[in-house]
Amino acid sequence: MAYVFALLDPVTAVARFFFPQGQSVLEDPATGSATAGLGGWWLAMGRALPCRLEIAQGEQAARPSTLYLQVHEAGTIAVGGDVIELGRGSAVPPVPGACMVSRATCCEPVRTLSMPCAVRKD
């Protein structure tokens with residue numbers, strides 16, 4: 001899988017998400033979970049907060065979509081768009097020290113991520 005993006009200005013980005021299916025590589029026109037990952041990248045890179053981005057995706061796949069990303073000063077990530085919500089949940093990191101990057105180092109504690117699980121309306 002590959003999620004690529006470009007910041008066009010301080011509030012606008014364009015993104016594409018590619019994934020394998022059998023012998024092919026397909027493109028997803030609207031990927032909320034990858035957009036949330038962009039929020040995590042924003043935090044990891046120490047970029048200015050709060051962040052509000054409007055992200056265009058799917059134009060090259062002839063299914064243009066708009067997603068909205070907010071990264072709050074508290075480190076929470078919110079993703080929105082024109083979707084049908086299928087579920088909702090949270091991801092909580094394991095006990096500190098349990099996330100092993102290698103045998104010698106541990107991950108820093110990660111903030112809780114809460115976002116709806118959704119699909120694009122067609």
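The values are calculated or read from the model by the stated rules, or taken from the named source; none is laboratory data. Computed from a prediction, not measured in an experiment: that's the story for all the values here. Neighbour counts run over all protein chains shown; Cβ positions are idealised from the backbone, glycine included.
Could we say that ALA34 is surrounded by 11 or more Cβ atoms within 10 Å (Cβ to Cβ), in a loop (DSSP other than H, G, I, E, B), of a type in the set (A, V, I, L, M) and touching a strand residue (DSSP E or B) at 6+ places or on another chain (Cβ under 7 Å) here? Outline the logic, then answer.
Working: surrounded by 11 or more Cβ atoms within 10 Å (Cβ to Cβ): yes; in a loop (DSSP other than H, G, I, E, B): no; of a type in the set (A, V, I, L, M): yes; touching a strand residue (DSSP E or B) at 6+ places or on another chain (Cβ under 7 Å): yes.
For ALA34, the condition - surrounded by 11 or more Cβ atoms within 10 Å (Cβ to Cβ), in a loop (DSSP other than H, G, I, E, B), of a type in the set (A, V, I, L, M) and touching a strand residue (DSSP E or B) at 6+ places or on another chain (Cβ under 7 Å) - is not met.
Given the conditions (1) in contact with a Pro (Cβ under 9 Å, 6 or more places away or on another chain); (2) modelled with pLDDT of 95 or more, report the number of the one that ILE55 does not fulfil.
(1)
For the range 58-98, list the strands (runs of 3 or more DSSP E) that sit wholly inside it and hold at least 3 residues that are loosely packed, with under 13 Cβ neighbours inside 10 Å and at pLDDT below 90; which are they? Outline the logic, then answer.
Numbers: elements: 65-71, 77-81, 83-91.
By residue number, 83-91.
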